Amino acid sequence: MEQRSQREVRSVDPTWSLSELMARIAKALVSDGPALSLSPTSTEKVYSRTALLVATTGSSGSAKEIELSASELLGSARASNKFLGAEFGNTWSLLLPLNHIAGINVLIRSLELGTSPTNLLGYEGKFPKADFTAIVPTQLFRALNGDENLLAHLQSAKAVLVGGAALTSELRLKAEAAGITVVETYGSTETSGGCVYNGTPLEGVEVALGSDNRIALKGKMIAQDLVDHDGWYFTSDAGHFEDEKLVIDGRIDDIVITGGENISLSAIDRVLAQTYPDIQSASFAVADPEWGQAIHIALVTSDQSIESAVQILLEHELGAAAKGKGFHYLTELPLIGIGKVDKKALARLISE
């Protein structure tokens, strides 16, 4: 049995320059020196194969650390670059934080291309061009709703990876109409980031559905200590296939029982996003003595007259049980990680 005492861990120093961080990652990938933790950690030893220790909260909000090997990380980077047709010398821009796998992947993909990424974190003014970049849907929304520098940057890229949270078809169509080449990604920290692009598994990745339509993934970029004896990693998401492409339906655990009816919060979120693509929204549930779980709706708008129209829409599309028992008008949605809505934080609004 492999011993955890074989490799020490060092947390990334926030004072390191981007070039120094890339150099240390490159050493970690060839087992030279300690494994790197992207966030402060109390873990001192990891498996000898571990190159990076990545903290993640996922959609559930429960913090955990994922150990990723060089083989998994490089497998992801190479498959991503190959899918995109990226060639040696091409450049990536960095628009995602470096304590998340999505940001680190930009660095590793750049290493594979022999280039350094253009660091746009906190950048002001007109963005320089890059061949490829990666963002979350919230950034895409902002680019299409007033952030002209970001919009121009995305339009000039050969491809823009969009992941970390659900991308609505309306937002994607709007982006493509604006001249952005969108590549929708699906994956998680456990899969070394996105491993399904535009519904198609990357090279070396297999996708299957369980009896409850739970998505299962298999491949060289999956964290190997999380797979079953047949090599499958079972996610917390449900999906289906359309024209041989994977479509994500939402989290399996987002079904709430309200008034004795089963309602999918993901379904509510999709209906709202499809009908109101220019308004950020999210549904969530809270314990309620009358309903068991009461559905509430958060909207980023000051137009409270929308409430009655939303209720009619939800009843028409999903039934009366899907109607909101409360509406909350916010200036922004709380996020967890780099792009997912923090529904636990929304629920806390009710108790405050």
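The values are calculated or read from the model by the stated rules, or taken from the named source; none is laboratory data. Bear in mind that the values here come from a model prediction, so they are computed numbers and not experimental data. Neighbour counts are summed over all protein chains in view; Cβ atoms, including those assigned to glycine, are modelled from backbone coordinates with ideal geometry. The accessibility values were calculated without ligands, DNA or RNA, using every heavy atom of the protein model including side chains. Shrake-Rupley method; radii C 1.70, N 1.55, O 1.52, S 1.80 Å.
Side notes on the structure shown:
- At 1.306 mPa s and 10 °C, Stokes diffusion of region 1-119 via Kirkwood alpha-carbon radius, µm² per second: 108
- Summarising the amide proton neighbourhood of ALA55: residues at separation of 5 or more, or on other chains, whose placed amide H is nearer than 5 Å comprise LEU38, SER39, ILE66.
- Tally of Lys pairs whose C-alpha atoms are under 30 Å apart, taken over region 114-271, 8 or more apart or cross-chain: 11
- Placing +1 on each Lys and Arg Cβ and -1 on each Asp and Glu Cβ, with no other charges, gives the chain a dipole about its Cα centre of roughly 880 debye.
- Relative contact order, percent, region 106-206 [alpha-carbon distance under 8 Å, six or more residues apart]: 20
- Here the chain carries DSSP beta bridges of which approximately 70% are antiparallel, counting only pairs with both residues inside.
- Our helix-only sum for the chain, with -39,500 (n - 2.57) per DSSP H run of n ≥ 4 divided by its residues, gives a mean residue ellipticity at 222 nm of -8500 deg cm²/dmol.
- Spin-label model, GLU124 to ASN213: label points 7 Å out along the Cα-to-beta-carbon direction sit 4.8 nm apart.
- Cβ-based net charge around ALA238, under 15 Å, with every Lys or Arg adding one and every Asp or Glu removing one: -4
- All distinct Cα pairs of region 77-228 go into the 1/r average, and the inverse of that average, the Kirkwood radius, is 15.9 Å.
- Listed residues GLY250, LEU217, ASN105: farthest to the positive end of the dipole of the chain (Cβ charges): ASN105
- Whole-percent carbon and sulfur share, accessible surface of the chain, 1.4 Å: 49
- What the Kirkwood sum gives for the chain is a hydrodynamic radius of 21.4 Å, with every pair of different alpha carbons counted.
- The residue list ALA267, VAL310, VAL196 was ranked by how far each Cα lies along the charge dipole of the chain toward its positive end, using unit charges on Cβ atoms, and VAL196 comes out on top.
- Simple spin-label estimate for ARG348 and VAL247 in nanometres, 7 Å along Cα-Cβ: 3.6
- Local net charge near VAL30, Cβ-Cβ under 14 Å (Lys/Arg +1, Asp/Glu -1): +2
- Excluding same-chain neighbours fewer than eight residues apart, the aspartates and glutamates reachable from LYS340 by a Cα-Cα span under 19 Å are GLU65, GLU170, GLU184, GLU190, ASP237, ASP249, ASP253, ASP254, ASP269, ASP278, GLU332.
- Looking at region 199-241, the accessible area is 48 square angstrom per residue; that uses a 1.4 Å probe and ignores ligands, DNA and RNA.
- Highest mean packing first, where packing is the average number of other Cβ atoms within 10 Å per residue, the peptides 10-21, 91-102, 184-195, 244-255 line up as 184-195, 91-102, 244-255, 10-21.
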